[in-house]
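Contents: one structure, followed by commentary.
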Amino acid sequence: MTNLDKAKANPQKILTAYLNEIHEIYAAGNFREESFYPLLKDLFEGCSSAFSAGEGAGVLVLPKKTEVGIPDFLVRRGSGGGGGEIVGHVEAKTPGTSLQAAENSEQIQRYRAALPNLILTNFLEFWLYRNGKFVASVEVCKFSDLELAGLREAVPAEESAGLFVEFMSRFYGFSTPAITSTSGLAVVLVKKTKYAKSILEEVFEREERGEDLSLLTGFYRVFRETLVQSLTKEQFVDLYAQTVAYGLFAAKMIAGEAEINIDNAWKLIPGNVPLLKDIFYAFVGPSTPEGLKSVIDELVAVLNKTEVARILEEGGGGKDESRERDPIIHFYDTFLGEYNPAEKKR
């Protein structure tokens, strides 16, 4: 019997154990959203071997020492959730929260625009978004039933359990698609860059309120003192986000088929753009805002699925042209046209 067969055979058992623990915390009262995190983490990890082609998957609870806008969970292939391929993200809300209301929030709209495989859940309902579009949902227990003392004896309906298996299979079946054109790559990188920019804007706001260490503010101050005195915060955040995305792109073009990561990327950035290399090194070091690290992971995942030879050929002018263009520099025109068309026209 395969893992998937086992999951299909025992979904009621898996969900009953999960719901019993949810009920125990809920009935005790005085809980927070984070009180349920370990249960959801265990649920996803318990199901992962069935839905990840035998690889299993690790589920990381993303740091919440700040309220910077990143989802609550990151799911990766491979045990422990270390450096394996990103499967997707999960954003959780307290039991009883209306997911219909939540999906219309600015926060979820931002996640949907940037993250290709996203689950929104209140621990009882699960909604799946693929490339920003709602594609599936499942409810394993009604909120009204959660409040009943007899939940421990309740078994999820067979239909709900079966739908849960289908839902999780669809989530875990996602894989970052290969990118084969400069236009396609530009579209994806722009989405990630705008997401990074929104996170950096939130970091700035928190630092101004004294809720975070003023690392980003310190960077901004140094840039104004040493490079551009007239640089506004908005311009700096834009520069930061673009530098991270474009720096990783440049590194991948040099790496070719070899994979890049946050540790080797700065070494690969070509010397003909020294300012990019120096600024990138400063931006992705130990002082990188915590929320931005998740976006960097996403950018790396996309770039490592990019067919570099095609991008270089297209960016260099194609097979039948003089190929005198530098494809790395030329790509910025394509990127900027997607990211900020008005700026490109200047």
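Values in this text are rule-based calculations from the coordinates and carry no lab data. Model, not experiment: these values are computed from the prediction. All Cβ positions, glycine included, derive from the backbone under ideal geometry; neighbour counts span all protein chains shown.
Here are the numbers:
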{"read-out": "Modelled FRET efficiency - R0 25 Å, Lys13 with Ser144, Cβ distances, 0.05 increments", "value": "0.60"}
{"read-out": "Contour excess over end-to-end distance, with Cα ends at Gln235 and Glu166 and 0.36 nm allotted per residue", "value": "20.3 nm"}
{"read-out": "Exposure proxy order (Cβ contacts within 10 Å, fewest to most) of Glu205, Glu343", "value": "Glu343, Glu205"}
{"read-out": "Cα gyration tensor category, rounded, prolate or oblate, for segment 171-210 with a/c compared to 1.5", "value": "oblate"}
{"read-out": "Among 192-201, 278-287, the order from most to least packed when residues are scored by Cβ within 10 Å on average", "value": "192-201, 278-287"}
{"read-out": "Shape call, segment 198-326: gyration tensor on alpha carbons, a/c limit 1.5", "value": "prolate"}
{"read-out": "When each of Lys13/Lys305; Lys194/Lys277; Lys192/Lys267; Lys13/Lys293 is checked by Cα-Cα distance, pairs over 27 Å", "value": "Lys13/Lys305; Lys13/Lys293"}
{"read-out": "Pairwise label distance in nanometres, Glu313 with Ala178, each label 7 Å out on the Cα-Cβ vector", "value": "1.2"}
